[in-house]
Amino acid sequence: MARCGTVQCGFCIPGMCMTVHDLLEGNHAPTDLETRQALAGNLCRCSGYRGVLEAVKDVVAEREASAAAHASEGADDARIPHQIPHPHDGGKA
Ligand code: FES
C-alpha cells in the first residue's frame, strides 16, 4: 500500500491493511467492486481509495506471476522430502 501512495497521515492505514489482508485471504483475485465493498467501513480523509485499489491489483498480479513461474518450474519440485533422490541410489528417485 505504501508503494501505491496510499499512506498519507496514516490514521486509516491499520484498518485498511487489515481489511485488505482479510479480503485477499478469502478472495485471491477480487474485482474493484469487491474491494470497494470490503473497504466500505473504512474512512480515509486524506488519500482516497485509488491507491488501495491499485495495491490490491498489484498483489493479485504478483500472485499470478508467482503461480505462473512456479507452474513453469515443472513437477520435480512438488516432491515430498522422502522422495528426494538419495545419493547412494545414483540420484534416482
Ligand atoms: S491516510 Fe489519512 S485518513 Fe487515510
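The values are calculated or read from the model by the stated rules, or taken from the named source; none is laboratory data. Computed from a predicted model, the values in this text were never measured in an experiment. All Cβ positions, even for glycine, are placed from backbone atoms using ideal geometry, and neighbour counts span all protein chains on display. Heavy atoms of the whole protein, side chains included, go into the accessibility calculation; ligands, DNA and RNA do not. Shrake-Rupley method; radii C 1.70, N 1.55, O 1.52, S 1.80 Å.
For residues in the stretch 1-39 being polar (S, T, N, Q) and closer than 19 Å to Ala61 by Cβ, which is farthest from the chain's Cα centre (by Cα)?
Result: Thr6.
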Determine, yes or no, whether Met16 is open to solvent by less than 70 Å² (accessible area, probe 1.4 Å), aliphatic (A, V, I, L, M) and in a loop (DSSP other than H, G, I, E, B). no
Among the residues of the stretch 1-58 satisfying the criterion of being among the polar types (S, T, N, Q) and in contact (Cβ under 8 Å) with a residue 12 or more places away in the chain, which is farthest from the ligand (Cβ to nearest atom)? Thr35
